[in-house]
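Below is one structure; the comments refer to it alone.
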Protein chains: 2
Amino acid sequence: MDPNPSHNTGKTTGLDPQSHCMEITAMEVHRVAAPPARTMAQKLGSRLKETFFPDDPLRQFKGQPTRKRWILAAQYVFPILQWGPNYSLKLFKSDVVSGLTIASLAIPQGISYAKLANLPPIVGLYSSFVPPLVYAILGSSRDLAVGPVSIASLIMGSMLRQEVSPTKDQLLFLQLALSSTFFAGLFQASLGLLRLGFIIDFLSKATLIGFMAGAAIIVSLQQLKSLLGIAHFTKQMGLVPVLSSVFHQTNEWSWQTILMGVCFLVLLLVARHVSMRRPKLFWVSAGAPLVSVILSTLLIFAFKAQRHGISVIGKLPEGLNPPSWNMLHFHGSHLGLVMKTGLITGIISLTEGIAVGRTFAALKNYQVDGNKEMIAIGLMNIVGSSTSCYVTTGAFSRSAVNHNAGAKTAVSNVVMSVTVMVALLFLMPLFQYTPNVVLGAIIVTAVIGLIDIPAAYAIWKIDRFDFVVMLCAFLGVIFISVQDGLAIAVGISLLKILMQITRPKTVILGNIPGTDIYRNLHHYEEAMRVPGFLILSVEAPINFANATYLNERILRWIEDHEMEEDVKKRSSLRFVILDLSAVSAIDTSGVSLLKDLRKAMEKKGIELVLVNPLGEVMEKLKRADEGQDLLRPDNLYLTVGEAVACLSSSIKAQSTSHV
Amino acid sequence: MDPNPSHNTGKTTGLDPQSHCMEITAMEVHRVAAPPARTMAQKLGSRLKETFFPDDPLRQFKGQPTRKRWILAAQYVFPILQWGPNYSLKLFKSDVVSGLTIASLAIPQGISYAKLANLPPIVGLYSSFVPPLVYAILGSSRDLAVGPVSIASLIMGSMLRQEVSPTKDQLLFLQLALSSTFFAGLFQASLGLLRLGFIIDFLSKATLIGFMAGAAIIVSLQQLKSLLGIAHFTKQMGLVPVLSSVFHQTNEWSWQTILMGVCFLVLLLVARHVSMRRPKLFWVSAGAPLVSVILSTLLIFAFKAQRHGISVIGKLPEGLNPPSWNMLHFHGSHLGLVMKTGLITGIISLTEGIAVGRTFAALKNYQVDGNKEMIAIGLMNIVGSSTSCYVTTGAFSRSAVNHNAGAKTAVSNVVMSVTVMVALLFLMPLFQYTPNVVLGAIIVTAVIGLIDIPAAYAIWKIDRFDFVVMLCAFLGVIFISVQDGLAIAVGISLLKILMQITRPKTVILGNIPGTDIYRNLHHYEEAMRVPGFLILSVEAPINFANATYLNERILRWIEDHEMEEDVKKRSSLRFVILDLSAVSAIDTSGVSLLKDLRKAMEKKGIELVLVNPLGEVMEKLKRADEGQDLLRPDNLYLTVGEAVACLSSSIKAQSTSHV
């Protein structure tokens, strides 16, 4: 509380107080400038560019000769042209190892996930053959292992089952699944082409963690059918109906199935645990599912156990993907459902694919272009839908294995694809005796990794509100439905953002003694009030949603300030300084607010001073301020320090002249 | 970077360059403090308080004796107890003059607006009798003139007409209107009681201006029926269907009606113009409608003009409001429509009432408590619905007249109410010959004031986006429907806020020579880059919706910076300073962003430095930062100036030691 304002001048010392402000004005007070003039078109252009092309995809073309530009353009569309020419035998060796590793995971998981989507198991294998080839040409991630994934399979299966029974009307169900895949692809590619990729950003990390954990539990619950050997399983997905159905049908439990299930589940979990402890032993968990399948198939075959109540996959047709474009439905009574399913599975699988791609790109320090990836994944699903594949994306668990196994390029996807092709052509008879219970165990082991308790704990520690969002997603998914849980969580997240805007923080600033730094009084204990001044900082854009609140809140700050005893004694309030440094935008309501505040304060004999309006804000104030009331040079300053120094010297000059 | 970590702790004052940073440290570097610890409950409490009780309604009770508290509480609920005891004859004289003035306006407008709502004209008079009495007891505005208003009447009439014909099923229509009024009141009072008043803030000024102008045009179009004397008028509201219907029925136009309409319209518009030019002559426009009614009634009576095709109101029942609680519908097939109508008319009339109250409160420098006003208006409508009144609120035009006529307290509403009562008891036979065409002219004159072209021009000048919102509301109302136009405008306004969050601005700061002020390089021409530094300011809260964008954008700023020739020559980039002064909040995604950025930059040999994280941000970073990576003392500063000073001295020290 230094009453002598000269502590703000720093460089000059020992000047007489009366001429203080002038001296400051001459030497140090900096004018707030208006930002350079730009036309309406320029502004619109830069805003559109920042919205739709934040990555400035054309900048690599700048200043290049025409031929080079064509090459760059071709490389932009087909990333394979970028790394293809430099591909070497050494890279190929790495890719073969990783490709074979993920193939050993993809075959059992493909069969399992297709069953999760209520589709014929062979569709899961088809989906591990064509899409990886498409992605290898178009995709820009080097680590993504492409194929069917658990959550998208679950959602597709459960949504389509609302209208069509997968058991009674198997062909129609498959047709709807392929049509949904087409729409998912179309939607994904359109998002990329229209550069609307930021839509998936609205699924926050907290939402996804809650959603994934909930979905993992729902998926695991569905596996109780095969793990317990129940024949008549409920068609509902929620926690309550599934558990009640399971415990009302204890008579259908088969001890042989349960025994086998427990054994393989333990085996797979131990393998997973080993690989998690020692990342170098990634092949233990990567190979375990295939080993389990082979082992269990042999056991069944040896003991003829299918006759003892253990259900098996049954015959799978040999041969490559049959064409399926004639199976796509673009009209008919189920079109609405198909489009909705496509939209939701599309956005969910896109989110997973992009997140996985970005995670590994960050580890290896290369860039993945979100919008380009969306086009790649979208085209992959469009092609897939006409070659008997259902919705695919980059799978997290398989991509991690791919990365750990040393994948260098998308060739590992090609190797996987070729391996699956060989299996499709020659190995199908071997799966005839594979028991469903092992597939259930494989799914459970895969989805357990989606329950990320350390991440949930970190969220709890950092941000309680995000934790609530996570919990809503989780509880919504397990108690209501997968789609509703997601919608609730996204809704709450957006509501939080809107609430932050509607009730922005206003804080009182105080001077940190010996400096011209002004900081939050309630945060920095050493900060002190300046007598005669109330310095407020508004920490949000000012717009229609908060102008009324800010008006009331600021007037109340003034009242509170006037009421406080200790202030009364020293000096009455003369200036309210509004620090606008954190006000990134303003609209017409905000401009009116400032005008109204100024009028209201004038009636109390208080002057409103604005500090550091940013570019856009300054521009709008200037346009609104024809009478030069808001932006007079004596109530507009570049820093709080300069405002306080200059204004307190004017108070002093006044009081001296009165004496 | 600096192998010697002691530069943050030293306290020496030498000036040789090597120890420069130490010297700064001793003299100027300030630590970023963590905000004072608060428990979860305290934080939740203060956030809830700021959301629902931003006006801190209980603060006047603090430190008062119990008896005084009871008095204050009673005064809080019934504002009449505040001003009642000091009421004087002088105040009463003013209130009588203004009360009689608004009564002369209220009687013709009440009849007209009831016709606009497709209700019997007498309901408009009933609605000008009971609600003003209720408001006089509960309301806190001294200028509000209460009664039916044009836009709420229009919306109620058009919404209910979707399901019930006002001509064929007159009684049911009235019952639905009264029930809607009840729900409107219930909704309004609940908003106030639940302190959710901020919901009406989402109707921005721009939206309202566009909406009002559109509604004024729709209302005026409806008056073509009575102004042209058309008997078979379309039941649609839009611009196109009304105009096409009017010009397809030129055979129904009645020249007598048109002549009379034009004459009175000119009379009323001239009166309005006179009063606008000279506010002292407010009584000219205030008296003109009643004069027109009397004059036209005499004319009709004298010339027996009702036989020449000029339609008249017809007989009105004498007597006060009949009770109507038995007419309220709380079940049945129209309940959904009734509740929806109540909701929309409730929110629209609330918005008008609160806005009018606040406008005049600001002029006379008193406070109007939004939530309390909502309860008052809500109760007024609930009481109204059981005494044959339809939805009422504070009308803008009549309140302005009230204010100009010198109203001092809500007693002017009581005087108006008593005058209406006298009219209801004794003057009803006189209205029998009042022509409908004059009522049409009165409505057109009243709603013309809702088209505020200067305000629209001001919005165009200040904020083009707000202008677009306004235009959407306007065009939506006149071409689609009143409700849809409003919904579209609110949707666009909210989308704009979300887009601002999704694509926040990041600006490069430069040093203003000779100071330690850092400002936007592209705004302040004198600002200069500091070699070796890239100083970025993020101007929005960092959350899930923008973390991905910010990550890409910041990395691109770094790339751009490294590409620029002139920077290359001088020195390579060593530090990226993120000024977080404008980052008002952060969530877990935002925290991850900062961690990811730090990792990505480390790989390029660049250090990430944070400046001035605000309270909440600092707190979350601290909780997230167990490894002390983000918040090491050498990469966290209170001001950009200190960060640059300290870090550039460390570069210098290093380069000197290399030499």
Net charge of neighbours whose Cβ lies under 15 Å from the Cβ of residue A:470, counting Lys and Arg as +1 and Asp and Glu as -1: 0
Globularity ratio of the protein assembly as shown, using Cα Rg and 2.2 N^0.38 Å: 1.08
Length-normalised contact order for segment B:66-210 - Cα pairs under 8 Å, 6+ apart - percent: 19
Cα centroid separation, segment B:130-170 to segment A:125-162 (Å): 58
Gain on full stretching of the segment that runs from residue B:487 to residue B:66 - 0.36 nm per residue minus C-alpha separation: 146.8 nm
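Please work out the Kirkwood hydrodynamic radius for segment B:96-249, using every pair of different C-alpha atoms, and report it in angstroms with one decimal place. Mind dumping the intermediate values first?
On the way: mean 1/r = 0.0575 Å⁻¹.
Answer for segment B:96-249: a Kirkwood hydrodynamic radius of 17.4 Å.
What FRET efficiency do you get for residue A:262 and residue A:464 if R0 is 41 Å and r is their Cβ-Cβ distance, rounded to the nearest 0.05?
Values: r = 39 Å, r/R0 = 0.95.
After rounding, the FRET efficiency stands at 0.60.
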Under 20 Å from residue B:225, Cα to Cα: lysines that are on another chain or at least 8 residues apart: B:115, B:168, B:235
Neighbour-count ranking [beta-carbon atoms within 10 angstrom, fewest first] of B:186, A:268: B:186, A:268
Vicinal HN-Hα couplings computed from phi for segment B:597-613 (Karplus, 6.51 cos²θ - 1.76 cosθ + 1.60; Hz; Gly/Pro x): 4, 4, 5, 4, 6, 4, 5, 8, x, 10, 9, 9, 10, 9, 10, 6, x
Restraint check, B:49/B:461; A:340/A:408; A:604/B:372; A:599/B:90, Cα-Cα greater than 27 Å: B:49/B:461; A:340/A:408; A:599/B:90
Residue-by-residue Karplus 3J(HN,Hα) for segment A:636-646, coefficients 6.51, -1.76, 1.60, Hz, glycine and proline x: 9, 10, 7, 9, 4, x, 5, 4, 5, 4, 5
On Cα atoms only, tilt of B:482-502 relative to the major axis of chain B in degrees: 10
Chain B, relative contact order [Cα under 8 Å, separation at least 6], %: 22
Value of Rg to Rh for chain A (Rh from inverse mean 1/r over Cα pairs, i.e. Kirkwood): 1.12
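Taking other Cβ within 10 Å of each residue's Cβ, how do B:55, A:629 sort, fewest first? Write down the numbers at each step before the final one.
Numbers: B:55 19, A:629 15.
Fewest-to-most Cβ neighbours within 10 Å comes out as A:629, B:55.
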In range of the label at residue B:233: residues from segment B:147-164 whose backbone nitrogen is under 20 Å from the point 7 Å along Cα→Cβ: B:148-164
Interatomic Cα distance distribution for segment A:456-613, bins of 10 angstrom, percent: 10, 30, 26, 18, 11, 4, 0
Extent along principal axes [Cα atoms of segment B:381-519; Å; largest to smallest]: 81, 40, 31
For segment A:456-539: span of alpha carbons on each principal axis (Å, largest first): 59, 27, 14
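Within segment B:107-205, list the trypsin sites (Lys or Arg not before Pro) lying in a DSSP loop whose Cβ has at most 15 other Cβ atoms in a 10 Å radius. Walk me through the numbers before you get to the answer.
Details: sites: B:115, B:142, B:161, B:168, B:195, B:205; in loops: B:142, B:168, B:195.
For trypsin sites (Lys or Arg not before Pro) across segment B:107-205 that sit outside H, G, I, E and B with at most 15 neighbouring Cβ atoms in 10 Å, the list reads B:168.
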Spin-label pair residue A:169/residue A:425, simplified geometry with 7 Å Cα→Cβ offset, distance in nm: 3.8
On Cα atoms only, tilt of B:89-116 relative to the major axis of chain B in degrees: 80
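Over all directions, average the projected area of the Cα convex hull of segment B:419-460 and note it in nm². Show your work: numbers first, answer last.
On the way: hull surface 18.1 nm².
Value for segment B:419-460: 4.5 nm².
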log₁₀ of I(q)/I(0) at q = 0.09 Å⁻¹ - segment B:86-452, Debye sum with one point per alpha carbon: -0.46
Net charge of Cβ neighbours under 15 Å - reference residue A:429; Lys, Arg +1; Asp, Glu -1: 0
Other-chain or far-sequence residues with amide H under 5 Å of residue A:636's (modelled H): A:610
Between helix B:453-462 and chain B: long-axis angle, C-alpha atoms, 0 to 90°, nearest 10: 10
Structure-based [θ]222 nm, chain B - -39500 (n - 2.57) summed over DSSP H runs of at least 4, per residue, nearest 500: -19000 deg cm²/dmol
Pair residue A:522, residue A:291: separation of 7 Å Cα→Cβ label points (nm): 6.0
Rg [Å, one decimal], Dmax [Å, integer] - segment A:33-132, C-alpha atoms: 23.2, 69
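I need the trypsin sites (Lys or Arg not before Pro) found in segment B:36-78, filtered to DSSP loop residues with at most 15 other beta carbons within 10 Å of theirs.
Working: sites: B:38, B:43, B:47, B:49, B:59, B:62, B:67, B:68, B:69; in loops: B:38, B:62.
Passing both the DSSP loop test and the Cβ count: B:38, B:62.
So what is the relative contact order of segment A:216-304, in percent, for Cα pairs below 8 Å that sit 6 or more residues apart? It would help to have the intermediate numbers written out before the result.
Values: 58 pairs, mean separation 18.3, N = 89.
Worked out over segment A:216-304, it gives 21 percent.
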Cut-off 12 Å (backbone N to label point 7 Å along Cα→Cβ of residue B:448), residues of segment B:226-263: B:262-263
Per-residue average of Cβ from other chains inside 10 Å of A:596-602: 1
From phi via Karplus (6.51, -1.76, 1.60), per-residue ³J(HN,Hα) for segment B:228-241 in Hz, x at Gly/Pro: 9, x, 7, 8, 9, 9, 5, 8, 7, 10, x, 4, 5, x
For segment B:478-539 and segment B:362-388, distance of Cα centres in Å: 39
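Give the range of the longest stretch in chain A that excludes all GluC sites (Glu not before Pro) found in loop regions by DSSP and having at most 15 other beta-carbon atoms within 10 Å. Present the calculation step by step, with values, prior to reporting the outcome.
Values: sites that count: A:318, A:525, A:526, A:564, A:626.
Looking at chain A, A:1-317 is the longest stretch - no exposed GluC sites (Glu not before Pro) with at most 15 other Cβ atoms within 10 Å.
Values quoted throughout were computed directly from the atomic coordinates according to the rules given, and no laboratory measurement underlies them. Keep in mind it's a predicted model, so treat the numbers as computed, not measured. Virtual Cβ from ideal backbone geometry, glycine too; neighbours counted across all protein chains shown.
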